[in-house]
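So the structure is just underneath, and the comments pick up after that.
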Amino acid sequence: MMEDDDLSLVRHAKAGEAAAFRTLVVRHQRKVYAVALGIVKDRDLAWDVSQEAFVRAHQHLPDFQGDSSFSTWLLRIATHVAIDSVRRERTAQKDDLDEVRETDLEGGGEGILATRLGTNPHENALRKELMGKIQEALGQLPEKHRTILVLREVEGLSYEELASRLGIHKGTVMSRLFHARKKMQALLAEYAGLPAPGDGAAAEEEGGAP
Amino acid sequence: MLGSRPGELPASDQEALHAHLAGCDACQARLADSVALGAALSAALQAEAARVDFAPFVDQVMARVERPAGVRGLLGWLRRHRLVAATSALAPTLAALGLIVYLSRGGSEPAPMAGDVEVTAVGRATVVLSDEEGPVVLIGDPSDSGGS
């Protein structure tokens, strides 16, 4: 079992065996990168964040008691590094715009997204076009919505774990997830075959041309 | 509550949700959207990670963790203080300016050259001081001017 194997490698790494830590890096690097990329959006930054997460994990190995799996512990570090990184960038650029308009969040077309995306992601979702659309949509969400979606869907955290990881109440977790999903669905609506979001509202503002 | 996993909701909420879903086609469709979106998002990010060439990754991490703590701390400090790093790129010029100030405020020593020194900056790391006796070339170490 990988978790047991991880703990054994951690013990060796704590004892100073570089090869053991190296194995842990190789084993977890892609998962860490995927989570980091989802949060920070930028590939180069995700690479840097992933590296920093491993360096910090190495520094804090003596503190790892095995209360959670090594993967969970490592991804917790990566999440914090990624969020810090985004917030630093945001402070520098003074923006983290929520690019989803309220008019885009109106209901309708329920189920079409599921039909379009399919239920087997490995069969349907691996198409390049879809990958690009999803990343593009994710990139338009504010950091708090990106982060909670990524932690829920990529890392698979429960409501309780999300509350603990993000330092928010469980009710806030559910509410934030709801809004994050709603925005993603709105952004993907056009790809899923729905009318382009906001087109009607835009037309009305411009004089109501049909 | 749509999209919750077994055990995440109190039993009473879970039962109420099931009862509602059984009679609400719209919420069933929303749930299907939520599940599809989650699976697609996870697949998209993992597929992106799978496309990345990670060959140099582990060596870069190991190079950082195997550095002596003092060097690691200094590099970390430099990364966090980019202004200092940027300033270090100007070190040769600043040194030349410091020399001019020193020459012009030479105290009790006569400073015959002070008025005749001409400073020419060549690149980031080389400064030429020309006085009446000819040029003096100050060559900085480019590796010191890169910052990080």
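Read the figures in this text as sums done on the coordinates, not as results from a lab. This is a predicted model, so every value here is computed, not measured. Here the Cβ is made from the backbone with ideal geometry for all residues, glycine too, and neighbour counts use every protein chain on show.
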What number of residues within the range B:1-58 are within 31 Å of the chain's Cα centre (by Cα), more than 8 Å from every other protein chain (Cβ to nearest Cβ) and either surrounded by 18 or more Cβ atoms within 10 Å (Cβ to Cβ) or not in a helix (DSSP H, G or I) (or both)?
3
Taking into account only those residues within the range A:138-159 that are free of Cβ contacts under 8 Å to residues at least 60 places away in the same chain and more than 9 Å from chain B (Cβ to nearest Cβ), which is farthest from A:LEU187 (Cα to Cα)?
A:LEU157
Filter the range A:1-26 for residues that are surrounded by fewer than 17 Cβ atoms within 10 Å (Cβ to Cβ) and within 11 Å of chain B (Cβ to nearest Cβ) and give the result.
A:GLY16, A:ALA18, A:ALA19, A:VAL26
